[in-house]
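The values are calculated or read from the model by the stated rules, or taken from the named source; none is laboratory data. The model shown is predicted, which means the values in this text are computed figures rather than measured ones. With ideal geometry, Cβ positions are generated from the backbone for all residues, glycine too; neighbour counts draw on all protein chains shown. Remember, those area values only see protein heavy atoms, side chains included, never the ligands or the DNA or RNA. Shrake-Rupley method; radii C 1.70, N 1.55, O 1.52, S 1.80 Å.
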Amino acid sequence: QEQLVESGGGLVQPGGSLRLSCAASGSIFRLYTMGWYRQAPGEQRELVATISSSGRTNYADSVKGRFTISRDNSKNTMYLQMNSLKPEDTAVYYCNAQGPFTSYWGQGTQVTVSS
């Protein structure tokens, strides 16, 4: 069964950096557009960034210039490099893979930006 597992979250000070990873259980994910979403307490889940199977990327305006999404299809893994983190980036970050008929989600990893 296809599965996504996030890692790399944690507590970081404002201005700091973190790198999130999303490991996919099957090679089929290399065919899918994948993305990162986040959900803060009391807020709706929102798009952070997506990357197509060919590597085309898309970012939310709030993270442009600070976050970089990438993928390594040989490792079935997607990454989110987050720099210049702000308190408003605090949220649970979810990995997503969009297949032709099914949307897959990871369990989420907490990112907290606080001094």
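Could you run through region 12-35 and say how many residues are under 14 Å from residue 70 (Cα atoms) and open to solvent by 70 Å² or more (accessible area, probe 1.4 Å)?
Of the residues in that region, 2 qualify.
Residue-by-condition table, conditions (1) within 30 Å of residue 115 (Cα to Cα); (2) among the hydrophobic types (A, V, I, L, M, F, W, C); (3) touching a residue at least 60 places away in the same chain (Cβ under 8 Å):
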| site | (1), (2), (3) |
| --- | --- |
| 4 | no, yes, yes |
| 42 | yes, no, no |
| 52 | no, no, no |
| 69 | yes, yes, no |
| 88 | yes, no, no |
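Would you mention how many residues in region 83-104 are at pLDDT 95 or above and over 19 Å from residue 55 (Cβ atoms)?
Matching residues across region 83-104 total 12.
Just to be sure, is residue 9 surrounded by fewer than 16 Cβ atoms within 10 Å (Cβ to Cβ) and either of a type in the set (Gly, Ala, Ser) or modelled with pLDDT under 95 (or both)?
no
Being among the basic types (Lys, Arg), open to solvent by 10 Å² or more (accessible area, probe 1.4 Å), more than 14 Å from the chain's Cα centre (by Cα) and at pLDDT 95 or above narrows it down to one residue among 71, 38, 45, 56; which is it?
56
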